[in-house]
Amino acid sequence: MERNLKNVLIISFGFLLLFTAYGGLQSLQSSLHSEEGLGVASLSVLYAALILSSMFLPPILIKKLGCKWTIAGSMCCYIAFSLGNFYASWYTLIPTSVILGLGGAPLWSAKCTYLTIAGNSYAEKAGKNGKDIINQYFGVFFLIFQSSGIWGNLISSLIFSQASNKVEIPEEDLACCGAYDCMADTTNTTGSAGPSNSLIYTLLGVYTASGVLAVLLIVLFLDQIKSDQAETEKEKLETPSFWSTFLATFKHLKDKRQCLLIPLTMYSGFEQGFLSGDYTKTYVTCALGIHYVGYVMICFAAVNSLCSLLFGKISQFTGRKLLFALAAVANTACIIALLLWKPHPNQLAVFFVFPALWGLSDSIWQTQTNGLYGILFEKHKEAAFANYRLWESLGFVIAYAYSTKLQVFIKLYILLSVLVLSMVTYGAVEYIEAKRSPGTPTATKKENISPHTQETHM
């Protein structure tokens, strides 16, 4: 097997194991720890810590440890969050959420940097277009990675379905489900059907073991990417100061294209936050019960995974603009339908239609936006991907922060507004690129021919 592809597969399966645990836990936080909003509060704190981490940790750790050991160390932070859920309280869940947040930005920045370098390296050897290989690598990664939602949610649903005390939800309680919710703790309607502590501990034990396996896979089998020898020696002599790395993310905002991509990047956080925080609680748990959350999210993850591979492959034929338009139309249709629909257990199939369409859209937001960052900002990959995590995390923080404060219909209007804005600013980026490309063929050619000149900024 080609060495770069082997490393892409190792990273992909490492993330699969890690996010089998984290993805399942994230889907359940708003329903499992609904008391005083602890679940969504922990997620909001988590992504706030991720913002702080994005500001300075990725460049420092990637330069000091390299991509491999940055990924391995960051994965351990996710295991801490699983452990914190064993005895969920404000004193255990919030600190472990902070730890996970601090490890999140270096993990994703190192992954994106690794895949971009691997893609350029293979393209140079094979004489192919670098951006096409990068898109394919991200497609393979997200195919495997997004399937983590299938396994994580399947595990939770199978374990929670062992509970024998399921109850039927009365009609008066169903009136509080959906876009015009009653701002009450909707999980109380299914409180008697909640899982026992023994089932919760069993689930958390499986999730923790999955995280440990992910770390072992990376440590034992992933190759460390080596920079050019001359630059390696230079980095030994020139260790960047704290403030220079702290400001690297913000210096990148001097690029107009990066500023214009902020709404699109934040929308990725908004839409994922709505699905995992609001849809699972106000629609699924409220109307069906917590044991259905996993099955519904499996539908999202399965469609997301398959579409990630599909769109990663066909993007070189269709172009990214058509795919972004498809995602925008699908999400807009879902938002309008969710505003009009009153969830009821008799309409079981409808509960799966929304996550399926959401998965199709999210697969495009993830693969194409990641690929877009790698292509537009090849000379400043680390700072660009740190910005990606920073603004996406801010979207998550805002979405989770107002999760218990606003009715769902208001959140849907906010989501729609951000989507419209992000499409306008993304269109401006494409317009800028269309104006630049015809006049700068030499620069484009040079970047594709000499990718290693950019790899050494780790």
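The values are calculated or read from the model by the stated rules, or taken from the named source; none is laboratory data. The model shown is predicted, which means the values in this text are computed figures rather than measured ones. For neighbour counting, all protein chains shown are included, and Cβ atoms are generated from backbone atoms with ideal geometry for every residue, glycine included. We work out accessible area using only protein heavy atoms, side chains counted, and drop any ligands, DNA or RNA first. Shrake-Rupley method; radii C 1.70, N 1.55, O 1.52, S 1.80 Å.
Whether any residue in segment 273-284 is surrounded by fewer than 24 Cβ atoms within 10 Å (Cβ to Cβ) and over 18 Å from the mean Cα position of the chain (by Cα) is what I want to check. Checked against the condition, which is being surrounded by fewer than 24 Cβ atoms within 10 Å (Cβ to Cβ) and over 18 Å from the mean Cα position of the chain (by Cα), segment 273-284 yields no hits at all. Are any of the residues in segment 279-289 under 27 Å from Asn387 (Cβ atoms) and charged (D, E, K, R)? The answer is no, given that none of the residues of segment 279-289 is under 27 Å from Asn387 (Cβ atoms) and charged (D, E, K, R). Among the criteria (1) under 20 Å from Leu306 (Cβ atoms); (2) open to solvent by less than 10 Å² (accessible area, probe 1.4 Å); (3) not charged (D, E, K, R), the one Ala105 does not fulfil is (1).
The residue that is most open to solvent (accessible area, probe 1.4 Å), among those in segment 87-99 that are without any contact (Cβ under 8 Å) to a residue 40 or more places away in the chain and farther than 21 Å from Ala209 by Cβ, is Tyr91. Highlighted here are the helices (runs of 4 or more DSSP H) found entirely within segment 206-320 that include at least 3 residues which are more than 22 Å from Thr113 (Cβ to Cβ) and either of a type in the set (Gly, Ala, Ser) or at pLDDT below 85 (or both): 293-318. Give segment 328-337 a look and list any residue that's crowded, with 22+ Cβ neighbours inside 10 Å and free of Cβ contacts under 8 Å to residues at least 40 places away in the same chain, or say none. Once the filter is applied, which keeps residues that are crowded, with 22+ Cβ neighbours inside 10 Å and free of Cβ contacts under 8 Å to residues at least 40 places away in the same chain, segment 328-337 yields only Cys334.
The set of residues in segment 283-325 that are among the polar types (S, T, N, Q) and touching a residue at least 24 places away in the same chain (Cβ under 8 Å) comprises Thr285, Asn304, Ser305, Ser308, Ser315, Gln316.
Tallying residues that are within 16 Å of Tyr283 (Cα to Cα) and of a type in the set (Asp, Glu) within segment 22-55 yields 0. Just one residue in the set Gly84, Gly66 is on the phi > 0 side of the Ramachandran plot and buried (at least 17 other Cβ atoms within 10 Å of the Cβ); that residue is Gly66. One residue stands out among those in segment 88-143 that are closer than 23 Å to Leu32 by Cβ, assigned to a loop (DSSP other than H, G, I, E, B) and among the small types (Gly, Ala, Ser): the one that is modelled with the lowest pLDDT, which is Ala88.
Listed here are the helices (runs of 4 or more DSSP H) enclosed by segment 338-445 that have at least 2 residues being open to solvent by 40 Å² or more (accessible area, probe 1.4 Å) and among the small types (Gly, Ala, Ser): 408-436. Just one of the listed residues (Tyr400, Tyr413) is assigned by the TED database to the domain that holds Gln272 and modelled with pLDDT of 90 or more, and it is Tyr413. Here Ser54 meets the list (1) closer than 29 Å to Ile200 by Cβ; (2) small (Gly, Ala, Ser); (3) open to solvent by less than 10 Å² (accessible area, probe 1.4 Å) almost entirely, failing just condition (1).
Of Tyr47, Tyr78, all but one fail to be modelled with pLDDT of 90 or more, open to solvent by less than 20 Å² (accessible area, probe 1.4 Å), out of contact with any strand residue (DSSP E or B) (no Cβ under 8 Å at 6 or more places or on another chain) and in a helix (DSSP H, G or I); the exception is Tyr78. Just one of the numbered conditions (1) over 26 Å from Tyr137 (Cβ atoms); (2) under 16 Å from the mean Cα position of the chain (by Cα); (3) not basic (Lys, Arg) is not true of Phe354: (2). Quick check on Lys64: is it assigned to a helix (DSSP H, G or I), out of contact with any Asp or Glu (no Cβ under 9 Å at 6 or more places or on another chain) and among the basic types (Lys, Arg)? For Lys64, the condition - assigned to a helix (DSSP H, G or I), out of contact with any Asp or Glu (no Cβ under 9 Å at 6 or more places or on another chain) and among the basic types (Lys, Arg) - is met.
Annotation: Thr202 fulfils all but one of (1) open to solvent by less than 60 Å² (accessible area, probe 1.4 Å); (2) polar (S, T, N, Q); (3) at pLDDT 85 or above; the unmet one is (1).
When we screen Gly119, Gly149, Gly139 for residues that are buried (at least 20 other Cβ atoms within 10 Å of the Cβ), of a type outside the set (A, V, I, L, M), closer than 30 Å to Tyr201 by Cα and outside the structural domain of Trp391 (by the TED database), the only hit is Gly149.
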